[in-house]
Amino acid sequence: MMVKGDTIVVVGVGARTPLGFDATSSAAAVRAGISAIQDHPYMIDRFGERMKVTRDTGVDVDLRGPDRAVEIAVSPAIQALGPLLGSGRAEVTLILSTGESRPGQPDGFAAQVDTRLRKRLAQHVALTGGGSTAGGHAGGLLAIYHACKSLREGRAKFCLAGGVDTYLEPETLEWLDENEQLHSEGNIYGFCPGEAAGFTLLTTLATARASGLHPLLEIVGSSIASEENRIKTETVVLGEGLGTAFRFLFQDGPIDPVDRIICDMNGERYRGNEYGFAVIRNPGHFKNAADFETPADCWGDVGAASGPLFVSLITEAEARNYQNGPLSLIWASSEKGSRAAVLLGGPRRAA
């Protein structure tokens with residue numbers, strides 16, 4: 001858990017989703033309730049219907065593997081780096097997460113994406129240190145957690161923390177279908193797999209001020225935990241892992257209740273049950289725990305990209321004065337047990 005010491009602020013965000021190629025257009029589409037869910041061009045599910053997916057129409061449907069993930073990740077990474085571009089060769093630590101290892105995404109996938117993305121970004125900034133992980137749904141928030149840790153420990157001056165994910169490998173889609181996870185008229189509790197990338201540029205408030213950078217948000221706290229009773233097992237989830245992540249956030253955090261909640265719920269019953277129990281374990285910390293937002297309804301399930309994209313939604317709301325309160329909670333849950341949560345405060349907190 002991290003809330004004390006130097007204040008960590010968000011000074012740049014970048015997003016690329018099936019709804020838009022930047023944070024502004026993606027956030028506007030989510031706010032308007034626009035859905036990018038469509039029929040896959042050729043993949044057929046077990047009911048004989050075309051699979052319901054969301055996809056990046058700017059990337060060739062036949063581009064696959066690490067190259068597809070990198071193609072999605074480059075532009076939002078550069079967007080997030082925007083405040084540093086043109087100011088000399090700033091040194092930035094890159095911490096990246098991809099989806100968990102699965103059919104269609106082999107071991108070593110995260111490292112391959114990381115290596116290729118660094119090469120694409122090297123002409124813009126000097127990337128030093130960091131690393132990559134196949135973190136799954138919670139991956140982007142795990143990247144933010146470790147970025148905050150690096151900044152607080154003085155191991156980095158600027159951190160680019162992000163996630164990129166794509167479910168559109170045919171082998172991955174077939175695997176989801178076999179596991180009865182694809183949403184369709186015959187399976188209403190499945191999800192619509194998608195692809196996206198989101199990035200946040202983080203630094204300390206002191207560095208932001210010294211560099212003349214404007215804080216967009218404050219990282220009030222970040223936490224990680226693990227859940228033993230995982231999805232697709234015979235166990236029953238009681239929200240222990242997510243509840244612990246929330247408790248770590250709240251035990252040293254502000255006494256004010258959370259105003260806004262954004263999460264990676266995607267239609268699977270497991271995730272709704274988990275959140276319900278996690279809230280029961282943390283009473284009194286939410287203005288309205290039932291008033292949560294699920295952007296997967298609009299841009300599909302975007303896995304490891306989820307957390308940083310949630311940050312960009314709040315950044316846009318603050319910038320355009322429709323944020324409904326100063327304190328936001330974002331959280332995500334990975335299939336293999338990782339849980340991560342972040343409390344975000346408006347830029348006025350960091351003033």
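Tabulated data
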read-out: Flag if Glu227 is at pLDDT 95 or above, over 23 Å from Val74 (Cβ atoms) and open to solvent by 60 Å² or more (accessible area, probe 1.4 Å); value: no
read-out: Any chance Gln79 is at negative phi and either of a type in the set (Gly, Ala, Ser) or free of Cβ contacts under 8 Å to residues at least 24 places away in the same chain (or both); value: no
read-out: Number of positions in region 298-317 that are assigned to a helix (DSSP H, G or I) and either basic (Lys, Arg) or within 9 Å of the chain's Cα centre (by Cα) (or both); value: 9
read-out: Any hit, region 107-125, residues being in contact (Cβ under 8 Å) with a residue 60 or more places away in the chain, among the aliphatic types (A, V, I, L, M) and in contact with a strand residue (DSSP E or B) (Cβ under 9 Å, 6 or more places away or on another chain); value: no
read-out: So Trp331, is it touching a residue at least 40 places away in the same chain (Cβ under 8 Å) and more than 23 Å from Glu228 (Cα to Cα); value: no
read-out: Matching residues in region 95-105 - criterion: being closer than 18 Å to Ala305 by Cα and either among the charged types (D, E, K, R) or surrounded by fewer than 22 Cβ atoms within 10 Å (Cβ to Cβ) (or both); value: Glu100, Ser101, Arg102, Gly104
read-out: Verdict on Ser328 being under 27 Å from Phe21 (Cβ atoms) and crowded, with 17+ Cβ neighbours inside 10 Å; value: yes
read-out: Every residue from region 151-194 that is surrounded by 16 or more Cβ atoms within 10 Å (Cβ to Cβ) and among the aliphatic types (A, V, I, L, M); value: Leu151, Ala156, Leu160, Ala161, Val164, Leu168, Leu173, Leu176, Leu182
read-out: Residue in region 50-58 that is modelled with pLDDT under 95 and at negative phi present; value: yes
read-out: Region 1-20: number of residues that are open to solvent by 10 Å² or more (accessible area, probe 1.4 Å) and in contact with a Gly (Cβ under 6 Å, 6 or more places away or on another chain); value: 2
read-out: Filtered residue count, region 184-205, keeping only those that are over 30 Å from Val220 (Cα atoms) and at pLDDT 95 or above; value: 3
read-out: Where Val92 falls short, out of the listed (1) surrounded by fewer than 17 Cβ atoms within 10 Å (Cβ to Cβ); (2) within 20 Å of the chain's Cα centre (by Cα); value: (1)
read-out: Residues that are closer than 26 Å to Cys298 by Cα and open to solvent by less than 30 Å² (accessible area, probe 1.4 Å), drawn from region 195-217; value: Glu195, Ala196, Ala197, Gly198, Phe199, Thr200, Leu201, Leu217
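Conditions (1) assigned to a loop (DSSP other than H, G, I, E, B); (2) closer than 24 Å to Leu343 by Cβ; (3) of a type in the set (D, E, K, R), marked per residue:
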residue	(1), (2), (3)
Gly12	no, yes, no
Val30	no, yes, no
Arg46	yes, no, yes
Lys52	no, no, yes
Asp60	yes, no, yes
Glu71	no, no, yes
Pro83	no, yes, no
Gly86	yes, no, no
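Okay, residues lined up against (1) more than 30 Å from Asp114 (Cα to Cα); (2) open to solvent by less than 30 Å² (accessible area, probe 1.4 Å); (3) in contact (Cβ under 8 Å) with a residue 40 or more places away in the chain:
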site: Asp259; (1), (2), (3): yes, yes, yes
site: Arg269; (1), (2), (3): yes, no, yes
site: Glu274; (1), (2), (3): yes, yes, yes
site: Ile280; (1), (2), (3): yes, no, yes
site: His285; (1), (2), (3): yes, no, no
site: Ala289; (1), (2), (3): yes, yes, no
site: Phe292; (1), (2), (3): yes, no, no
site: Pro308; (1), (2), (3): no, yes, yes
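A quick yes/no check of all residues on (1) within 18 Å of Thr200 (Cβ to Cβ); (2) among the hydrophobic types (A, V, I, L, M, F, W, C); (3) in contact (Cβ under 8 Å) with a residue 60 or more places away in the chain:
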site	(1), (2), (3)
Ala15	yes, yes, yes
Gly20	yes, no, no
Ile37	no, yes, yes
His40	no, no, yes
Met43	no, yes, yes
Lys52	no, no, yes
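The values are calculated or read from the model by the stated rules, or taken from the named source; none is laboratory data. Being a predicted model, the structure only gives us computed values, none of them experimental. All Cβ positions, even for glycine, are placed from backbone atoms using ideal geometry, and neighbour counts span all protein chains on display. We work out accessible area using only protein heavy atoms, side chains counted, and drop any ligands, DNA or RNA first. Shrake-Rupley method; radii C 1.70, N 1.55, O 1.52, S 1.80 Å.
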